[in-house]
Amino acid sequence: MIQLLTSKDSTGFDWVDLSAPTDDEIRQVAKQYKLHEASIKDCMQPDHLPKYELFDHYTFIIFRVFAPNLGDEADTIQELTNKIALFFTGDHLITVHRAEYNVINSVKTKRIDTGACDSTLHLLNALIRESILTFEQPGLKLSELLDYYEEQVFLKQPNSPILRNLYFVKRQIDVIRRLMLLSYEIVDNIDSIGQRDAYTRDLRDLYIRTQTIFDNLSENTGQLLSVYFSISSKRTNEIMRVLTIFSVFFMPLTFIVGIYGMNFRFMPELEWHYGYPAAMLLMVGISVAIYFWFKRKGWL
Amino acid sequence: MIQLLTSKDSTGFDWVDLSAPTDDEIRQVAKQYKLHEASIKDCMQPDHLPKYELFDHYTFIIFRVFAPNLGDEADTIQELTNKIALFFTGDHLITVHRAEYNVINSVKTKRIDTGACDSTLHLLNALIRESILTFEQPGLKLSELLDYYEEQVFLKQPNSPILRNLYFVKRQIDVIRRLMLLSYEIVDNIDSIGQRDAYTRDLRDLYIRTQTIFDNLSENTGQLLSVYFSISSKRTNEIMRVLTIFSVFFMPLTFIVGIYGMNFRFMPELEWHYGYPAAMLLMVGISVAIYFWFKRKGWL
Amino acid sequence: MIQLLTSKDSTGFDWVDLSAPTDDEIRQVAKQYKLHEASIKDCMQPDHLPKYELFDHYTFIIFRVFAPNLGDEADTIQELTNKIALFFTGDHLITVHRAEYNVINSVKTKRIDTGACDSTLHLLNALIRESILTFEQPGLKLSELLDYYEEQVFLKQPNSPILRNLYFVKRQIDVIRRLMLLSYEIVDNIDSIGQRDAYTRDLRDLYIRTQTIFDNLSENTGQLLSVYFSISSKRTNEIMRVLTIFSVFFMPLTFIVGIYGMNFRFMPELEWHYGYPAAMLLMVGISVAIYFWFKRKGWL
Amino acid sequence: MIQLLTSKDSTGFDWVDLSAPTDDEIRQVAKQYKLHEASIKDCMQPDHLPKYELFDHYTFIIFRVFAPNLGDEADTIQELTNKIALFFTGDHLITVHRAEYNVINSVKTKRIDTGACDSTLHLLNALIRESILTFEQPGLKLSELLDYYEEQVFLKQPNSPILRNLYFVKRQIDVIRRLMLLSYEIVDNIDSIGQRDAYTRDLRDLYIRTQTIFDNLSENTGQLLSVYFSISSKRTNEIMRVLTIFSVFFMPLTFIVGIYGMNFRFMPELEWHYGYPAAMLLMVGISVAIYFWFKRKGWL
Amino acid sequence: MIQLLTSKDSTGFDWVDLSAPTDDEIRQVAKQYKLHEASIKDCMQPDHLPKYELFDHYTFIIFRVFAPNLGDEADTIQELTNKIALFFTGDHLITVHRAEYNVINSVKTKRIDTGACDSTLHLLNALIRESILTFEQPGLKLSELLDYYEEQVFLKQPNSPILRNLYFVKRQIDVIRRLMLLSYEIVDNIDSIGQRDAYTRDLRDLYIRTQTIFDNLSENTGQLLSVYFSISSKRTNEIMRVLTIFSVFFMPLTFIVGIYGMNFRFMPELEWHYGYPAAMLLMVGISVAIYFWFKRKGWL
Ligand SMILES: [Mg+2]
Ligand SMILES: [Mg+2]
Ligand SMILES: [Mg+2]
Ligand SMILES: [Mg+2]
Ligand SMILES: [Mg+2]
Ligand SMILES: [Mg+2]
Ligand SMILES: [Mg+2]
Ligand SMILES: [Mg+2]
Ligand SMILES: [Mg+2]
Ligand SMILES: [Mg+2]
Ligand SMILES: [Mg+2]
Ligand SMILES: [Mg+2]
Ligand SMILES: [Mg+2]
Ligand SMILES: [Mg+2]
Ligand SMILES: [Mg+2]
Ligand SMILES: [Mg+2]
Ligand SMILES: [Mg+2]
Ligand SMILES: [Mg+2]
Ligand SMILES: [Mg+2]
Ligand SMILES: [Mg+2]
Ligand SMILES: [Mg+2]
Ligand SMILES: [Mg+2]
Ligand SMILES: [Mg+2]
Ligand SMILES: [Mg+2]
Ligand SMILES: [Mg+2]
Ligand SMILES: [Mg+2]
Ligand SMILES: [Mg+2]
Ligand SMILES: [Mg+2]
Ligand SMILES: [Mg+2]
Ligand SMILES: [Mg+2]
Ligand SMILES: [Mg+2]
């Protein structure tokens, strides 16, 4: 669907929006605005990574926004985010995307309808800003998830789905960090020396803030994974302690009963009337000695 | 309770303070100063994160200060800190908060009553400064706690409540670091290029200092956790040593007594008159050999 | 083969390209352009590291580009990359390389044939830019490989070829990072204070972007290796649990059967009519007690 | 003891030094120079942390210098360092300290007596510089200690006092790093934009150099602790190997002697004339097979 | 031996070189150029660390260069490097060193003999530059060693001399990093604001490049050590698996043969004609069950 969201008459520039366009619609717009074949191809590829490319008479940008309704186990850039392609000149701006996104509507309402936007650069700035803001909500959600898992790991008995869950948390954080990294070029070019103003500087600030939040989340995830494995390996300690205690108690006793199970013809103890209770007493004595040795070592 | 802490007549601007306000009081102030519905909503939400938002005719800021009387096991932003909301113009400043905070009183006494404050920007600067300073005391306390636990871990036998205690130390540090990160926008906007002066630069210095202190605490906590787990796993070594020593001593002996417990009809040793003492001597010999082998290995 | 890719007449400077040159061809060009013996030697060494060297009347640069058809187990700078040597003056530029590289053809087509290049500095800039871009594709491929191995390690049973595969991933990333590090001098000298323009600044941006991507890959590889070893050591936990459970069950039972295997003449239990079932019942009782103890500990 | 180390007549400013002052002496100076009660209180607290505070008519600074004669197990800021308090105006400088410190004498000799010092700012600069220099010597000593322990850990059998010793090394480094961090404010204010000159810039350089040296020591200590624990855990490997070898040898043998210890009435092997040597041969065969299996696995 | 490498007549300044000087030669030069006793003492101490010191009429510098013929197990600053002392004024430069170093000869040939050097500052710059370059070769050698050990650790069975070898690699890297850190002052003072030019800026670039290379080597060594220990601990896993498999197989069997080794008078199974083969069959059954349980667990 092709929509003209604003036109030269009202704001001095055109904003053409293609939402889930057919091939014919794309071809029509490409022809009208003389868009290169290469950028048309990129723009139709749903899994394209962020990109900033200069052509002779326009700039081509691909950005990705957070996909709001993703399943619990989304773990790739394609599942976690959706693509918006932008064609930008001083004269007009074309946006191409698959589904209805809030980003487009929100910029339309807040910037165009209020007449706050007076150039395509400001519109571009507003669109990228709104796109980066889509990562703020997942950042908060992931932060709360991490806090919850941290409490689980430190204070409860962590059971194994935690590792699986942390994997998906880590993937989401890594994917967004990677996207941010690849999008730096776009923000850096919008806020470049020639055209820098208060709005573009705000965009850069927002970019750095978002990046810092996700760097922080990544650091915390790494720490939590490391503590998770450490606590699980600390539990091996407890298991070894039980194994060692049982072995140390039973090995001497089993040896002694083995002695009196030998079939030598001449073993005087076997003939004693109190041989059996004496052997039992000996074993009780050994157990008590081991018990106190363990007690002193602090293993019991 | 609505209080006018200073007025245009004395300092050239109004400072309206709402302490634990009723809904009616908030509505009344909102109407008088034309505050947006959205910021009123944010301002009544006790667990709102730090925020800096520009409106047409005022700036809306949410900041959080350290809660002095928290329990021992506070571990969330909401339990550890309290919210202050600020509405700021060149003409007046409105503060909204739940309880009586030292921050407000202290700025009133030190800045307003002494006449040291000559603009709302300076008042705002002083309020944020005082708010950041509330984190200095917990920083010192956490630092001492960490030193204490470090000594425990390195020089004493760490017992398990240490992990639980370190969890709460780590949480407090992480919560304050996160708050600092989210508050950067506020400090950066107060100390922005247009309005930078010695006071706002001081605020930025204080912010960086506080952030560095908590980064350092976070680093030390991570190191201490890592050493704690390493020492606990080093103890497994000692346990394994005991298990191995017992097993290596008793396995050959138990095997030998097993041999002479076999019921073969023709076993010459069983008929020997000194078969039993000979077997016992053999076992003593084996034990002595193992003892010296261990001695040489340094395991005993 | 010596080719004159552009000449003074058309662009104001000469570009001499030597592709897989014979010794004679190199000598001939060296004589014509008065190239030093030392740089000729470096230029004929196929495994030379990146270098930037000033001579009296020219600058000598060695750069390395990613080798497209490398085998699966390439793990050195020589196997992973190919060398391009450059002799640069304001008047002419000489490129020397072994095989046909896309870098040369691509710059020829995009910059020379379109007339976009008006100085040897711009040509040099374009060549280095194109060379750095050869690392973009392997960066994406390595990133996808890491994502694949991360999923394997976290969600599947990692088997041992993963360590071998991660070694080759790590080597490729380390080699490219090392090359980037050694090439910084070249980029920094092209984008130096005297001659900085929009093109050279773009080259520096590209350099930093590539470096950041590989730093990020290196960090992720380190994390993945660490998680891989942690998960493998967590499995030891499970193995120890099984060993401990079996030992704790069987050690007391084996001791008891040992007792009634002793040959004392006076052991009343042995004469009891229900001695055998009583002993068996005792052992069942002990097993049940241990079972519930394990149950409570959560080990079963 | 109150001393006038220089006076307005000779250098244009007064330097009043209070060494281990009585309460009366402090009161007297406080009254003469109109010092605030709050700063007097701070200045008499021997364990006060570094501080930079502006008062109406003077600046109050607390700095800490390394204590030369500390015991081997000093591990707090109070044991490791001594306090110097400074009151600073353009007109006079007051120093307050407990004991005789080299810092005061050295600055007196090198700066005042040579007439090199022409303002209180330069005197202050020289005092702080001299104070930071007191940490250079312990830095070198700690560096050598770490090198010694590193050699011990890598090449010798580390025994347990190493952990205790590393704790004290780590504490000293951490305490000095923390002090440096808290002193940054002082250095940053001395070398501030208004009054920056070659001397204050040198002070900042020295501060950064000292900080970098201790950051480096801290990093090396962390690495050494980590290697120490890793080597100790690698030894568990060897212990497990011995346990496993003994168990694998003796478990089948003990089982076989158990078989022929059973009391079944009909067990043909027991009646054989060569049953006993046949069983022994079987066990030798099993041992040899296990021996070669271990040999191939590289465990022997 | 005292040599005048250049004189005022030819280059406008004197360069006096003392190679392995006797005490008398040093005294003579010290007297002629009025060198302080303190710097003479430092200059005769072969193990002095890098230093930059201002005196009234000259600057005193100690630098260290890599010692080319060091043994395999050199691991201290003294064994790995040699000292050069420099006395520097605008008028003359004095170099003092023990042995013949390439650094001196190389600068003499490349800078003095070609007339390229027109001031003592440029000569100093060239000497320090040449000194830093002595660390480039060991950097490459260490990098190749690390690559070799990395391949050993990841793809081969690492045996224990690797830890010893890595220790010496780590020591060399740490020593050079430490030297670099301590030499920063020298480079920073040569390239200081007043006298900065293209040559001094090149020196700083070289310094940073060398530092970055050794930081990178240090990071890689740390990573390799960590992987080395992880792989060695992963092997414990395999050992535990074998121990557990043997124990789980033999413990139930040994228990069963123990049962039929009991001497109860009334044990019906013992009287059965097929009691013995039945017991053996039971044990085969149990072994098969365990075998399939292990198979399903993936432990066999
Ligand atoms: Mg990551
Ligand atoms: Mg971060
Ligand atoms: Mg954090
Ligand atoms: Mg962070
Ligand atoms: Mg954290
Ligand atoms: Mg670790
Ligand atoms: Mg670890
Ligand atoms: Mg941090
Ligand atoms: Mg620290
Ligand atoms: Mg720190
Ligand atoms: Mg830090
Ligand atoms: Mg952290
Ligand atoms: Mg520390
Ligand atoms: Mg990085
Ligand atoms: Mg990163
Ligand atoms: Mg990453
Ligand atoms: Mg990164
Ligand atoms: Mg990461
Ligand atoms: Mg650190
Ligand atoms: Mg550091
Ligand atoms: Mg470092
Ligand atoms: Mg270091
Ligand atoms: Mg460092
Ligand atoms: Mg190091
Ligand atoms: Mg690196
Ligand atoms: Mg690096
Ligand atoms: Mg590095
Ligand atoms: Mg390092
Ligand atoms: Mg690296
Ligand atoms: Mg690496
Ligand atoms: Mg580690």
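Under the membrane-span-like helix rule (DSSP H runs whose alpha carbons stretch at least 20 Å along the helix axis, mean Kyte-Doolittle hydropathy -0.5 or higher), chain A yields A:136-155, A:161-190, A:198-259, A:275-297. Considering only D:H57, A:T134, E:V29, and ranking their Cα positions along the charge dipole of the protein assembly as shown that arises from unit charges at the beta-carbon of Lys, Arg, Asp and Glu, the one farthest toward the positive end is A:T134.
The ratio of the alpha-carbon radius of gyration of segment A:74-159 to the globular-protein estimate 2.2 N^0.38 Å is 1.55. Taking 37 °C and 0.692 mPa s as the conditions, I'd like the Stokes-Einstein D for segment B:203-280 in µm²/s, using the Kirkwood hydrodynamic radius from alpha carbon pairs. Once the numbers are plugged in, D ends up at 177 µm²/s.
Cα-based values for segment C:1-105, radius of gyration first and Dmax second, are 14.1, 47 Å. Starting from the label point of E:Q32 at 7 Å along Cα→Cβ, the same points in the other copies fall at 5.5, 5.5, 8.8, 8.9 nm, in ascending order. Each copy carries a label point for B:T212 at 7 Å from Cα along the beta-carbon vector; from one copy to the others these points are 1.6, 1.6, 2.5, 2.5 nm apart, nearest first. At q = 0.04 Å⁻¹ the log10 of I(q)/I(0) for the protein assembly as shown amounts to -0.36, computed by Debye summation with a single uniform scatterer per C-alpha, solvent ignored. The modelled label-to-label distance between B:V288 and A:D24, using points 7 Å beyond Cα along the C-beta direction, is 10.4 nm. Mean partner shielding of peptide E:219-232, defined as the number of other chain Cβ atoms within 10 Å of each residue Cβ, is 5.
Between the beta carbons of C:L281 and A:M280, assuming R0 = 25 Å, the FRET efficiency works out to 0.80 to the nearest 0.05.
Among residues of chain C, the one whose beta-carbon sits closest to the C-to-D rotation axis is listed with its distance in Å as C:G261, 4.
Counting Cβ atoms of other protein chains within 10 Å of each Cβ in B:172-185 and taking the mean gives 2.
Annotation for C:K295, label-to-label distances across the other copies: 3.1, 3.1, 5.1, 5.1 nm (shortest first, one decimal, point 7 Å from Cα along Cα→Cβ). By accessible area, using a 1.4 Å probe on protein heavy atoms only, segment A:236-297 has 72% of its surface on carbon and sulfur. Computed over the alpha-carbon atoms, segment B:146-300 gives an Rg to Rh ratio of 1.47, Rh here being the Kirkwood radius from the mean inverse distance. Annotation: peptides B:288-299, A:4-15, ranked by per-residue average of other Cβ atoms within 10 Å with the highest first, follow the order A:4-15, B:288-299. Averaged per residue, the protein assembly as shown has 45 square angstrom of accessible surface, using a 1.4 angstrom probe with ligands and nucleic acids left out. Measuring max minus min along each principal axis, the C-alpha atoms of segment E:236-297 give extents of 47, 20, 11 Å (largest first).
Note on segment D:186-300: dipole from Cβ charges, positive end direction compared against D:F214, D:F249, D:T200; the farthest Cα belongs to D:F249. Eigen-decomposition of the gyration tensor built on the alpha-carbon atoms of segment C:2-233 gives equivalent ellipsoid semi-axes of 38, 18, 15 angstrom, largest listed first.
At a threshold of 8 angstrom on Cα-Cα distance, excluding pairs fewer than six apart, so keeping six or more, what relative contact order does segment A:2-233 reach in percent? Worked out over segment A:2-233, it gives 20 percent. Summed over qualifying helices (DSSP H, 4 residues or more, each -39500 (n - 2.57)) and divided by its residue number, chain E shows a 222 nm mean residue ellipticity of -21000 deg cm²/dmol.
Note on segment D:2-233: with neighbouring protein chains present and a 1.4 Å probe, carbon and sulfur make up 48 percent of its accessible heavy-atom surface.
Find the centroid of the Cα atoms in segment B:1-77 and in segment D:98-115, then give the distance between the two in whole Å. Going from one Cα centre to the other spans 54 Å. With a 10 Å cut-off around each Cβ of E:272-284, the average count of Cβ atoms from other chains is 3.
Buried accessible surface for the D/B chain pair comes to about 4300 Å², total over both chains, computed with a 1.4 Å probe. Across segment C:30-74, Cα pairs under 8 Å and at least six residues apart give a relative contact order of 24 percent. Under the convention that each Lys and Arg Cβ holds +1 and each Asp and Glu Cβ holds -1, the size of the dipole of segment E:236-297 around its Cα centre is about 300 debye. The spacing between segment A:233-300 and segment E:167-215, judged by their C-alpha centroids, is 66 Å. Applying D = kT/(6 pi eta Rh) to segment C:109-223, where Rh is the Kirkwood radius over alpha-carbon pairs, T corresponds to 20 °C and eta to 1.002 mPa s, the Stokes-Einstein value obtained is 134 µm²/s. A simple spin-label model places the labels of C:I193 and E:K34 3.5 nm from each other, with each point 7 Å out along Cα-to-Cβ.
The values are calculated or read from the model by the stated rules, or taken from the named source; none is laboratory data. A quick note: this is a predicted structure, and the numbers were derived from the prediction, not measured. Counting neighbours? That spans all protein chains shown, and the Cβs are built from the backbone with ideal geometry, glycine included. Note: areas computed on protein heavy atoms with side chains; ligands, DNA, RNA excluded. Shrake-Rupley method; radii C 1.70, N 1.55, O 1.52, S 1.80 Å.
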